[in-house]
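> The structure is given below, and queries will be raised subsequently.
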Amino acid sequence: MEAAARRLEEAVGRLEVRLDGLFERLDSCLPYEREAEALRLDRARLANDLDAARFRERELQKLADEASEALGAAIAEVREALGKV
């Protein structure tokens, strides 16, 4: 019985040593996890910024198309007016 108890204590001791090593390895991964989370947040922010920029680009293109049409109409009116003079 004493031999079995001793073996059990030794096994528990080895287990504790291994667990300590695993916990140390986990702790060493924390900075990488934090960095990965920061990168995920940054990526999400950049994706939102890109979506907003694309929306703004479409709006500006619509305005540019409207301005181009208005300018074309104005040029046509000026040409017509000059032709009548």
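> If a residue must be exposed (fewer than 10 other Cβ atoms within 10 Å of the Cβ) and charged (D, E, K, R), how many such residues does the stretch 25-41 contain?
Matching residues across the stretch 25-41 total 2.
> A further question on this structure: Would you check if Ala38 is in a helix (DSSP H, G or I) and within 21 Å of the chain's Cα centre (by Cα)?
Here the answer is yes, as Ala38 does meet what is asked.
> Moving on to the next point. Could we say that Ala52 is part of a helix (DSSP H, G or I) and at pLDDT 95 or above here?
Here the answer is yes, as Ala52 does meet what is asked.
> Still on this model: Here is a list: Glu59, Glu80, Glu69. Which entry is exposed (fewer than 10 other Cβ atoms within 10 Å of the Cβ) and either of a type in the set (D, E, K, R) or assigned to a helix (DSSP H, G or I) (or both)?
Glu80
The values are calculated or read from the model by the stated rules, or taken from the named source; none is laboratory data. All values derive from a computational prediction rather than experimental measurement. Every residue, glycine among them, receives a Cβ derived from its backbone with ideal geometry; neighbour counts consider all protein chains shown.
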